[in-house]
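Input: a single structure, listed below in structure tokens.
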Amino acid sequence: MKIVECIPNFSEGRRTEVIESIASEIRNTPDVQLLDVESDKDHNRTVITFIGTPEACGEAAFRAAKKAMELIDMNQHKGEHPRIGATDVIPFVPIMGVSMEECIALAEKLGKRIADELGIPVYLYEEAAKRPDRKNLADIRKGEYEGLKEDIKKNPNRVPDFGKPELHPTAGATVVGARLPLVAFNVNLNTTDIEIAKKIAKGIRFKDGGYRYVKAMGFDIKEKGYVQVSMNLTNYRGTPVYRVFETIKSEAERYGTSVKGSEIIGLVPLDALVDCAEYYLRLTDFKRTQILENRIFGFKEDKLMDMRCSAFLGELASESPAPGGGSASAFSCAMGAALVAMVARLTVKKKKYADVKEEISQILQRADELQYVLIKLVDRDTSAFNEVMEALKLPEESEEKKQEKQRRYQEALKNALSVPMETMMEGVAVLELAKRIAEIGNRNAISDVGCAARMVCAGVRGAYFNVLANLKEIDDAEFKKQTLENCEKILAKLDMLQEIEELVLSVLKNE
């Protein structure tokens with residue numbers, strides 16, 4: 001089953017009849033389940049959460065955007081939250097059986113449809129962004145509806161991805177994208193001093209030197225008599241909720257106030273709250289399978305890349321033969337891809353490297369793609385090994401069953417072998433990116449390129465060992481010959497490591 005989550009934000013949080021009309025469009029779309037409708041009068045904003053098949057979610061989001069266009073006039077809208085349109089933002093999140101690439105395609109299809117059929121200009125953001133400067137939603141919303149009204153006509157950098165360079169007369173513009181699950185988290189302070197909230201927000205948000213996965217702003221909630229630090233935590237594993245909360249609490253005390261309370265807007269992944277429970281209760285060796293509801297509904301931590309690093313390493317260290325070297329090799333290559341992406345991100349916005357910006361952007365996109373593929377190979381390697389083990393358990397009571405077992409075993413071996421072969425190929429692709437970014441990328445991050453190259457080469461070599469381990473059991477002589485020839489071609493490309501390291505060392509020793 002393919003399941004996508006969609007969390008559109010609408011610029012209306014006060015008129016219940018309007019909110020219900022928009023929600024009804026989603027509720028009445030086949031193959032969609034409406035999960036949550038949460039409105040905030042101060043922000044004058046509503047966040048709706050629903051899930052369904054990719055096609056159904058795209059249809060529901062379009063219907064909701066059309067209804068919002070009919071009922072919301074941005075010329076009359078006032079609220080605390082930044083916004084550029086009646087349907088301000090529509091993110092798609094992969095939940096089950098759906099890749100990020102599929103969500104990106106879904107975002108592109110919906111964005112074009114909104115522009116073509118509703119006449120609303122659309123910008124793509126996060127993973128669907130066509131330009132690095134549009135990945136961050138805050139950058140797209142700069143100046144908000146009022147500022148974008150004229151800027152979209154005059155500034156070439158504000159031209160939308162879909163539609164004409166002019167706002168819809170009443171619905172403004174819309175941002176559509178694809179992203180990982182985030183936590184919308186607000187912390188309320190026992191003060192009416194908005195400057196304190198703004199200072200704390202600036203201190204914790206990534207763009208001003210704060211936590212990597214935090215977007216934050218300070219708001220004055222006048223109706224309730226306090227100020228608020230409002231946040232989007234875009235990766236709750238990378239920056240846990242409790243860490244942000246503790247920092248805000250500490251900063252509030254430094255400014256002579258305290259935390260009044262906190263709130264989560266919309267739905268939240270269970271793991272984000274379990275992390276908080278582990279931290280505040282000081283739990284040790286707590287497992288998700290200890291949660292009653294998880295056991296009732298058959299939860300199992302079977303995806304290696306959904307585990308914490310410590311849990312993954314624990315699996316590697318266990319007496320079980322899988323995960324083993326194949327998964328570790330793919331993960332090593334994935335870490336190399338991640339480092340290449342990091343260096344690209346540290347280069348692409350620097351004026352010093354403006355002349356290579358377009359090429360760096362391409363490297364960044366490719367590195368992210370390779371990282372995603374390699375992460376999938378971590379789990380695929382373990383699954384393929386388990387299939388080999390299952391084939392070996394097949395019965396042999398008759399000659400016919402023996403032959404069937406041997407056939408299944410040979411198929412499983414070839415399938416298991418295909419995973420490390422793919423790891424080798426994708427790893428070399430990462431190495432080629434590392435070589436190029438070592439030549440043109442940010443010199444201040446050159447050591448990270450060297451680390452990336454080493455990790456990739458180790459991963460490719462490790463994958464090669466796993467190819468050989470499976471190959472020796474395969475009967476097909478021609479297949480074995482062809483596989484070995486392909487391996488030799490791939491391994492020959494590891495000579496790039498020496499070139500990369502020479503360049504890295506020359507920069508580190510001489511600059």
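Of all the residues in the range 14-47, those that are under 28 Å from the mean Cα position of the chain (by Cα) and under 15 Å from HIS81 (Cβ atoms) number 8.
Just one of the listed residues (GLY97, GLY163, GLY111) is at positive phi and under 26 Å from the mean Cα position of the chain (by Cα), and it is GLY97.
Step by step: first the residues of the range 211-238, then only those that are surrounded by fewer than 19 Cβ atoms within 10 Å (Cβ to Cβ) and part of a loop (DSSP other than H, G, I, E, B), then the one that is modelled with the highest pLDDT. Which residue is that? The extreme case among them is GLY225. Put simply, of GLU502, GLU426, GLU422, GLU432 the only residue that is without any contact (Cβ under 8 Å) to a residue 40 or more places away in the chain, of a type in the set (D, E, K, R) and either assigned to a helix (DSSP H, G or I) or closer than 24 Å to ASN386 by Cα (or both) is GLU502.
Taken over the range 126-164, the criterion of being closer than 18 Å to LEU110 by Cβ, at pLDDT 95 or above and either surrounded by fewer than 16 Cβ atoms within 10 Å (Cβ to Cβ) or assigned by TED's automatic domain parsing to the domain that holds LEU233 (or both) is satisfied by LYS164 alone. Scanning the range 86-132 for residues that are among the polar types (S, T, N, Q) and within 16 Å of ALA64 (Cβ to Cβ) yields one hit, THR87. In the range 234-256, the residues that are in contact (Cβ under 8 Å) with a residue 12 or more places away in the chain and assigned by TED's automatic domain parsing to the domain that holds ASN188 reach residues that are in a helix (DSSP H, G or I) and among the aliphatic types (A, V, I, L, M) with C-beta atoms within less than 6 angstrom, at least six apart or across chains, in these pairs: TYR236/ALA272; VAL241/ALA272; THR247/ILE204; ILE248/ILE200; GLU251/ILE200; TYR255/ILE196. GLU293 passes every criterion in (1) in a helix (DSSP H, G or I); (2) modelled with pLDDT of 80 or more; (3) not small (Gly, Ala, Ser) apart from (2). LEU394 meets each of the listed conditions (1) in contact (Cβ under 8 Å) with a residue 12 or more places away in the chain; (2) surrounded by fewer than 20 Cβ atoms within 10 Å (Cβ to Cβ); (3) of a type outside the set (Lys, Arg); (4) assigned to a helix (DSSP H, G or I) apart from (4). Take LEU364 and decide whether it is assigned to a helix (DSSP H, G or I), in contact (Cβ under 8 Å) with a residue 60 or more places away in the chain and either in contact with a strand residue (DSSP E or B) (Cβ under 9 Å, 6 or more places away or on another chain) or closer than 17 Å to ASP448 by Cβ (or both). Against the criterion (assigned to a helix (DSSP H, G or I), in contact (Cβ under 8 Å) with a residue 60 or more places away in the chain and either in contact with a strand residue (DSSP E or B) (Cβ under 9 Å, 6 or more places away or on another chain) or closer than 17 Å to ASP448 by Cβ (or both)), LEU364 qualifies. Filtering the range 22-36 to residues that are of a type in the set (D, E, K, R), out of contact with any Ser or Thr (no Cβ under 9 Å at 6 or more places or on another chain) and over 16 Å from ILE90 (Cα atoms) leaves only ARG27. Of note, ARG380 satisfies the criterion of being assigned by TED's automatic domain parsing to the domain that holds MET496, assigned to a helix (DSSP H, G or I) and at pLDDT below 85. The set of residues in the range 99-133 that are among the acidic types (Asp, Glu) and in contact with a His (Cβ under 9 Å, 6 or more places away or on another chain) is empty. Being assigned by TED's automatic domain parsing to the domain that holds ASN136 and within 22 Å of the chain's Cα centre (by Cα): is that true of ASP88 here? When the stated conditions are applied, ASP88 passes them.
The values are calculated or read from the model by the stated rules, or taken from the named source; none is laboratory data. What you are looking at is a predicted structure, and each value in this text was computed from that prediction instead of being measured. As a convention, Cβ positions derive from the backbone with ideal geometry for all residues, glycine included, and neighbour counts pool all protein chains shown.
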